[in-house]
Structures are given as C-alpha cells and as structure tokens.
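Where a number appears in this text, it was derived from the coordinates with a stated rule and is not lab data. In this text, all values refer to a predicted model and were calculated from it rather than measured experimentally. Note that each Cβ is placed from the backbone with ideal geometry, even for glycine, and that neighbours are counted across all protein chains shown.
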Amino acid sequence: MSAIQISEIVHILVAVHRASLPTDQGGNGKPASPKYCTTSSILNRKILSNVLLPPGILHRIFLLSKLWFIMAKEMGCFMQRFKELLSTIDMTQGRPWEKISLFTIPLLIGNLFQQLYSTADAIFLGRFVGDYALAAVGSTVPIFFLVMVLLIGVAMGAGVMVSQYFGAKSRDDLSYTIGTSITIITILSVVTMTAGPFGTRPLLILLETPPEILDDSVLYMNILLWGILGMAYFNILSGILRGLGDSFSPLIYLIVTSLLNIVLNLLFIVVLGMGVLGAAVGTVIAQAFSSILCFRKLLQMRNVFDMGWHYFLPRKKYVHQLLKLGVPTGISQGIFAVGMMITQPLVNGFGPIVIATNIIVMRIDSFVIMPIFSFGNAITVYTGQNVGAGKMDRVSKGVKQCCIMSLGASLILVALILLFGHHVAGAFTETEEVIALAMHFLRILAVGYIAFSITLVLWGVIRGAGDAMSPLWSALINTAFVRVPSAFLFVHWLGVPEAIIYSLLAGWLTNGLTAVFVYRMGNWRNKGIVNKNIPVETAVEEKNESV
C-alpha cells in the first residue's frame, strides 16, 4: 500500500468520525452533548456522501469504519442513558413496580454474571480435570458458606442501615454507618483468614468427605479462606452502594470481575493445568479486583455522605445497630449452612457421582433462583428507604407488585429448566448417569422454586423494615425440626439420593408458610431504626389498598 493510499485511509477515518458525531442545536457544527445522541440522528446523516472511493480495499475500510463509529457512538449513548436511569434510585417517589424493576434489572444482570463465573469453575473442572475435581469443590460448599454467612449478614445489615438513613436524608448517620461497617468487616475478615485454615481438614473429615477428593478439597478451601478479605469487601461495599440506590455500579463491576474470572479459569485450569488450585486462585484474584472497583466508586459518591478517618472509628450506636441487624441475619444464614453441613455426610455417603450431581444441581439451581433473589434484594432496599421516609403505604403496595413479578419470573424459568435442563447439565459433564440424576433432582425442586419466589420477597420486606429476628427464628425452627430430621428420615426410609432433595423441598415449603404468617402478623412494621413511631396497620387496611 502506497503512502498516498495510507493518507487517504487516515482522512477517511477522521471524516467518518467527525460526521458520525451529532451536532448541537445551533448549527455551528460542534459536537453536541450526550443528551442529543440518538440512533436516528446518526443513521439519517449522510456520511461523506460526496466522497468517491475506488472499489476494493479502500471502500471496504470506509464501510467498516462507518459501521464501527456508529456502533461505538450508539453504545456509548446507550450506556450513558442506562446509567442515568439506574444510578442512585430514590424509591420513595414514583410507581413502586417501576422503581423495583429498575433496581432489579442491574441486580439480575449482576447475579447472572456472578453465577456465570461460578459455573465456569465447575464446567472447566468437570470437562478438563474430571468429576472428582468437581466433587472436591462441591464438598467445600457447606463449610465455606458457613464461613461467609456472618460476613454476608453484616453486609446485609449495613445495606438496611444505609437505605434507611439514605431515605431519611440523615447525612451524619449515613457517614458513620458506612465507616463502621467497613471497619467491622475488616476485623471479621482478618480473624477468619487467620484462624479458618486450621479447621478445614478436620471439618471435611467430620463431614465424611471421600478420601480420594479430600486433599483437593482442603487445598481449594484454604485458598478461598486466605483470600476472603476481597470477597468480604465486595459484599459490604456493593451492599452499601445498593443501599444508596446505586445498583448500576455493582453491576458493571460484577460483569468485569466475572469476565476476568473466566479468563483466569481458562488460563489456570485449561492452559496451565492447575486444577482446583487454579479455580481457587482465579476466584480470589477476581474478587479482590471487584472490591477495589467498589471502593473507588464509593469515594466518588461523597456528595451524599462524608468520609474521614474519624468515621471509621466504631461508635457504640452504629456498632449496636449493625450487629442487631447483621448478626441475626448471619446466624439465620449460618443455621441453613449448618443444616447443609449436617446433611452433607448423607450426600457423601452415596459416593462421588452423587456429589458431582449435587454440585451441578446447585449451579443450575443458582440460575433458577437468581431472579427471585434479585427481587428479594430489591424489595429490601425499597422497604428500607420507604420505612426511613415514613411511607409505609408504599411498602404494602410494593410488596404486592414485587410478588407478582417474582412469581412470573420463577414460572418462566422453571418451564425453561424442565424443557432444556438436560442440555444444561450436559455442559458440566459427559457422564450420562450424572446428567439423568441431575434432571431428576430438578424436577423434584420445581414446585419449591414457585413457593420460593414469594418467600424471599416477604423475608426481604421484613428485613428491610429492620426485623432481623423473625427470619432467625424461622431458620432455626425450619432447620432443626424440618430440614435436618426429614433428610435423615427420608434417606433411612427410601435409601435413594433424591431423599436429600425431598428434605430440601420440605424445608422450602415450611419456610414459605412461616414467612406468610410473620408478614401477616405485621409486627415488622415498627422495627425501623429511623422512624420508631409508625403505627402498625391492620391486615384489613392492607387488603383495601389498591395495587
């Protein structure tokens, strides 16, 4: 290619770029602000219509350049409008279903990518290492979940406090809440990463982990514990951002982190052959990166709160509120984790094939309940902001509308899993026995997903209002008297692997009935940390409210 042709190409690229930019309304040819950027203004513009290009390479470069700049500009404008629409949502104003939906969309997309990289671990291990490696990772799930529940509970408590103080427009309380939350999560994380690895092997042996996967299980678990600080920071910081009404930033960070984790898994597991070690290291690096992004975003939001070293010094008021909300939530999640640990030996007793099947079902299950969890998290923030603002009438309307949306989403996803679940399970392994058993488990759980869609919304409302004790008592009763006893009874009577799934379904249904009862009682309405004197509305008044 000659120097003249190169010069022509450069001029073409510059001209296309300038022509693709929208101009301002004054007609002076200057680029307009992003608000004037629309598809029609770009596509209807004649780009270099008077330029005559010879056929061949220059013409193709012109067309590709034109397409590239149009797509880039449109994508930039779309992301700008999307960010403006979803960033810092005030849920105390406007139609409840619309606000909840706008807040749920980033949560749903973020959860999708979060499950995507968790699933990538399982797929890479199952496909390129083997079913035993997949089983080794699966056997650590109950223990690691138990370790994480207290940290997750504190993060959820912080999210409730932030949403209520943000709704009440109490800047000083908001600032101390954010600083105290970060300090507490740091202390808990350091203790966990220091002491946790000493108990890994004894716990796995106690759970009757098969000897052929024990060493890999210990290795995977210890790597995650040593890197738990990044995971804890991401949970607390993303919870704070969502409590402030910003669900867009955590979404972007989850997408970036998920893609990074998938690339690292591909590198460590497939290319370097590091097995379960590679899966753990990739997860730790990706989570640490996401926590850095969240903290950077939080620093940019100091227009709604203040940040200084004195805010990080724990104050009794905020520590008490945080522990009052976070510890019961963490304990309730911990009770479920203990239930999983107690029943894990039953799963392990059926051998590596059933363990591998169980981890596949858990990965698919995480996708099915993903929208349900998203609606549950959204209604928690929605409730917190409106309780903080003293608008209980909006809470009741939002609950009804959120339940309808969550139920509709679960019905669609259950139908998709029943139709295409065999193909999804086949992505994890080529073992037909495992695929068939996984589909059998999913069919049993189908009814539970529908009930779960209402359960999580109701518990989300109750937690968002500041009542963390009711979910705790429900978890304790459900696990101690339904989930665990039924697992042992069903396995003893039936002697088949699906007995574990039957007990899980029984626990879900019981938890759902408890959530409905607690919600209808209405005592959660006067648990707010900001507005203490909100009258408890009767069930009759609630029924008369319009959706």
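Mind running the shape call on the range 355-547? Use the C-alpha gyration tensor, a ≥ b ≥ c as the square roots of the eigenvalues: rounded below 1.5 for a/c, prolate if a/b tops b/c, oblate otherwise. Prolate is the answer for the range 355-547, as a/c is 1.5 or above and a/b outweighs b/c. Where the centre of each part is set by its Cα atoms, how far does the range 332-352 sit from the range 226-257, in angstrom? If we compute the Cα centre of each part, the gap is 28 Å. Annotation for the range 121-156 versus the range 476-514: alpha-carbon center distance of 22 Å. Residues THR194, THR383, arranged from fewest to most other Cβ atoms within 10 angstrom of their Cβ, appear as THR194, THR383. Ordering ASP246, ASP215 by the number of other Cβ atoms within 10 Å of each residue's own Cβ, fewest first, gives ASP215, ASP246.
Considering the options ALA506, ILE435, ILE477, tell which one lies farthest towards the positive end of the dipole of the range 355-547, charges being +1 on Lys and Arg and -1 on Asp and Glu at the Cβ, about the Cα centre. Most positive-ward Cα: ILE477. Listed cross-link partners LYS316/LYS527; LYS99/LYS527; LYS317/LYS527; LYS324/LYS400; LYS297/LYS397; LYS99/LYS324 are compared with a 25 Å cut-off, the Cα-Cα value being larger for LYS324/LYS400; LYS297/LYS397; LYS99/LYS324. Counting neighbouring Cβ atoms within 10 Å and putting the fewest first, the residues ASP121, ASP365 line up as ASP365, ASP121.
Taking each residue as 0.36 nm, the span from ASN303 to LEU419 lengthens on full extension beyond its C-alpha to C-alpha distance by 36.9 nm. In a fully extended conformation the segment linking LEU214 and LEU259 would gain 13.3 nm over its present Cα-Cα distance, using 0.36 nm per residue. One decimal place: the segment ASN523-ALA436 gains 26.8 nm when fully extended, by the rule 0.36 nm per residue minus the C-alpha distance. What is the range 89-173 by shape, rounded, prolate or oblate, if you read a ≥ b ≥ c off the alpha carbon gyration tensor as root eigenvalues and call it rounded for a/c under 1.5, prolate for a/b larger than b/c, and oblate otherwise? Oblate shape, in that a/c is at least 1.5 and b/c is the bigger or equal ratio.
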